Each structure stands twice: as C-alpha cells, then as structure tokens.
1. For the range 1-74, with only Lys/Arg (+1) and Asp/Glu (-1) charged at the beta-carbon, what is the dipole magnitude about the Cα centre, in debye rounded to 20?
2. Computed from the mean reciprocal separation of all distinct C-alpha pairs, what Kirkwood hydrodynamic radius does the range 34-278 have, in Å?
3. Looking at the range 295-399, which GluC sites (Glu not before Pro) are DSSP coil and have at most 15 other C-beta atoms within 10 Å of their C-beta?
4. Tally the DSSP beta bridges in the range 34-278 and give the antiparallel ones as a percent, rounded to 5.
5. How do His336, His53 line up, fewest other C-beta atoms within 10 Å first?
6. Using the Cα centre of the chain as origin and beta-carbon charges of +1 (Lys, Arg) and -1 (Asp, Glu), tell me which of Asn123, Tyr376, Phe338 is placed farthest towards the positive end of the dipole.
7. Which order, highest average first, do 263-271, 103-111 follow once you tally other Cβ atoms within 10 Å for each residue and take the mean per peptide?
8. Give me the net charge of Ile346's neighbourhood, meaning all other residues with Cβ under 12 Å from the Cβ of Ile346; Lys, Arg count +1, Asp, Glu -1.
Amino acid sequence: MDPFLFRGNDLYCEDVALADIAAEYGTPCYVYSKAFLLSRCRAYSQALAGYKHLVCYSVKAASNVYLLKILAEQGLGCDIVSGGELFRAKLAGVAGRKIVYSGVGKSAAEIRSALEYNILFFNVESEDELLLVNQTAAEMGLVAPVALRVNPDVDPLTHPYISTGLKENKFGIPIVEAERIYLQACNDFKNINFVGVDCHIGSQLINLSPFKDSALRIRALIEKLQLHGLKLDYVDFGGGLGINYDGEDVPEVSQLVDLFTGVLAGLDLTLVLEPGRSIVGNSAVMLTKIQYLKNNSEKRFAIVDAGMNDMVRPSLYNAFQKIEKIVSPQQSVVEHVFQYDIVGPICESGDFLAKDRGFSELYKDDVLAVMGAGAYGFSMSSNYNSRSRVPELLVDGASVTVIRARESYEDLVRGENLGR
C-alpha cells in the first residue's frame with residue numbers, strides 16, 4: 001500500500017491532507033502512517049507463517065517509543081545496538097526474550113543491563129567481545145546466550161557506507177575463523193552458551209543474490225558445527241532488504257523469506273530476521289517549507305527550512321529521496337519544468353536534500369514532502385548549528401498524534417552547565 005497519494009492537487013497521508021498538517025504543526029516535521037506500518041508487519045508475518053521465526057525490528061532505523069509500541073503489539077521484537085536502544089525497547093514493553101543485541105562496541109555496562117533483562121541472545125562480533133561477555137556473565141553468576149556474527153565476505157551490491165559483509169568491513173568475525181572460535185570458546189568460556197549464528201551483510205539491498213550467497217555459506221558453517229556436536233537453535237540473517245526510493249524493482253518480503261527457508265531446509269532452526277528500512281522506510285515523509293528562492297547563472301536554488309541535521313542521508317550517502325510539492329498543479333497543466341537544487345540553512349556546502357531536480361516553478365512558502373523518510377531520517381538527525389530537532393507525527397486514518405514534540409531552545413541546553 002502507498003499511504004501518500006494525491007487527491008486532486010493535494011498530497012494526503014491516509015485521510016489527512018499534508019497541507020493541513022504543515023499549517024497546524026509547522027515545518028520541518030516528520031509524518032508517519034500507522035496503516036503502512038501495520039501492512040509491513042503483516043507482510044512479514046504472512047510470509048513467515050508456518051515456519052519457526054522471530055522478527056526483531058531494527059530499532060536504529062526509527063527509534064520513537066510510540067512506533068516501537070505499535071510494532072510490539074504486532075508481535076515484533078527488537079534488534080538493538082546500544083544500551084539506549086535497550087532502554088527504548090523496555091519502555092515499549094518488548095520482552096527480553098524478543099530482543100537480540102548486535103553492534104561491534106558493546107560496553108561491560110551495556111552487556112550487564114542486557115543480561116539483567118534476559119535478552120534472547122547477543123550477536124558477538126569479535127573474540128575480545130566474546131571474552132568480555134563471558135567475564136561479565138561470570139561476575140553475575142549467569143550464562144550468556146550468544147550467536148557469533150559471521151562476516152561471509154559477500155558483496156551486498158549497495159553503497160559502501162552501508163555494506164557490512166565484506167572482509168574489509170569492521171563488522172563480524174571472518175567466516176574462515178568462525179568454526180575455530182565456536183569450538184575453542186565452547187571449551188574455554190564456561191559462561192557462554194552458543195545458541196545460534198548471525199549474519200548481516202548490508203542495507204538497502206535490492207538484489208537477492210547476495211542474500212543467497214551469504215545464506216549458503218552460513219548453512220555450510222552450521223553443518224560443520226553440527227558435525228562437532230554443537231547444536232544451535234537460531235540462525236539470524238539480519239535485515240537489509242531495500243525499499244523503492246526511485247522506482248527500484250524491489251523484491252517482496254515473501255521472496256526473501258522463501259530464499260532463506262529454502263536454504264535452511266532440513267535444519268531444525270528458528271529463523272530470526274532484523275528488518276528496519278523495509279518496515280518503516282516508506283512509512284513517513286519529512287515536510288519542509290521553501291524560505292527563499294535564489295538564482296545565479298548556474299543554478300536555481302530553493303532554500304528550505306530543513307537541513308542536513310534533519311535529514312542527513314542525501315549529504316552522507318548522496319542518497320536519492322523523491323520530493324513532491326504537497327499542493328501541486330495537475331501534470332496536464334504544467335507547461336515548464338525547471339531544475340532546482342533543494343538546499344537547507346546549514347552552514348555547509350554539503351547541506352542539500354536534492355540536486356538538479358525537476359519541478360514546475362517553485363515559489364516561496366511552497367511546502368515540499370521528502371518521500372521515503374521513515375528509515376534513518378529522524379533517527380540520524382542532530383542539533384548541528386544549534387537547531388532544534390523537529391516533531392514526529394503519526395497519522396491513523398483521519399487523526400494526527402504528536403509522538404515527539406518539537407524541541408525548544410531550552411531543550412538545546414538542557415544538561416549543560418550554564419555557569420553563573
């Protein structure tokens with residue numbers, strides 16, 4: 001489903017005109033569709049029906065507690081990468097046995113908190129981390145459930161900054177070393193219980209072949225471990241399924257699930273998936289208003305009130321985000337298309353949302369919708385240039401709920417020592 005559709009000249013989110021939201025709540029702001037979130041949860045549950053599974057939503061994609069509660073109500077767990085994300089998951093009511101803990105830099109305090117909450121397992125990414133998990137569990141008189149995150153050295157065919165499964169990436173344990181580490185740790189670490197294998201090769205993947213290549217390598221590792229008598233309960237293939245930003249031909253969730261379950265045929269394992277972008281990516285837009293128009297001999301600029309601190313993906317990854325005028329003339333009456341750079345107020349040349357993008361003529365106070373903004377939009381935002389972070393709003397049919405208020409200037413300095 002697409003919750004963002006034009007009705008006549010007006011762009012709607014479900015049954016609410018985005019122009020009305022901009023007028024009432026101001027810009028910039030993020031607007032999410034509850035119906036879309038529910039539809040993505042159904043896509044995973046239906047595809048996995050009849051197979052032992054757990055879907056752990058990747059909290060880093062969009063971490064608002066209100067959203068986490070919606071997903072938890074649909075039966076999803078959480079994939080976390082920090083103590084702060086564990087705190088959010090707990091506030092959302094996610095049970096420990098539905099939480100997996102990934103990330104390369106877990107601290108002893110974070111490991112302790114996760115053990116206290118009885119999480120399902122840690123995805124351990126190095127021998128040093130394995131040592132610390134064992135030591136921390138021993139100090140607590142516990143046995144820590146662990147899966148090794150294995151790096152299969154598979155090219156995910158995505159942007160290098162979001163590639164995580166090649167041997168030059170910082171993530172995971174090289175697959176050529178994994179068997180040795182599993183077997184050695186079984187003998188050396190008495191406070192570790194190996195319950196599974198984990199693999200995550202990258203983000204925004206729109207080709208299934210890297211998933212298959214990595215899954216086949218993980219199956220081969222599991223079979224080797226079984227020959228040594230190591231029984232595992234879980235295989236975690238992470239997330240990474242891409243979304244449609246610019247007309248990409250994106251696989252269906254069911255195709256991905258069929259691939260994994262086919263590779264795992266004959267193995268009595270619970271399949272764990274960690275979707276993030278494919279759940280929330282197209283659930284939201286960011287609304288921003290044109291402040292000024294500026295032309296020079298080379299460029300037309302539309303200077304908007306949202307900057308790279310509000311949406312960093314275009315600057316960081318040169319990522320494409322489709323942009324729509326929320327009140328737009330019918331295409332049949334558009335006589336001219338002009339090329340614009342959509343830029344923000346931040347004091348950086350890299351502060352842009354789009355470059356050389358075609359629009360019918362833009363005007364001051366036009367409101368634009370940055371589409372596909374749900375994943376790594378607000379969650380990567382910052383207070384750079386001492387700008388207040390923007391509100392998040394949830395649309396459910398004809399109703400709008402503020403799920404995060406716009407920050408005030410007082411919020412910016414909260415926690416700072418203001419001196420005398």
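1. 520
2. 18.0
3. Numbers: sites: Glu298, Glu324, Glu335, Glu348, Glu361, Glu392; in loops: Glu298, Glu335, Glu348, Glu361.
Loop-located and lightly packed - Glu298, Glu335, Glu348, Glu361.
4. So the antiparallel bridges amount to about 5 percent of the total.
5. Numbers: His336 8, His53 19.
With the fewest neighbours first, His336, His53 line up as His336, His53.
6. Asn123
7. Per-residue Cβ counts within 10 Å, averaged per peptide and sorted highest first, yield 103-111, 263-271.
8. Values: positive: Arg387; negative: Asp305, Asp310, Glu348, Asp351.
Here the charged neighbours net out to -3.
Bear in mind that the values in this text are calculations on the coordinates, not laboratory data. Given the structure is predicted, the values throughout are model-derived calculations rather than measurements. Note that we place each Cβ from the backbone using ideal geometry, even for glycine, and neighbour counts take in every protein chain shown.
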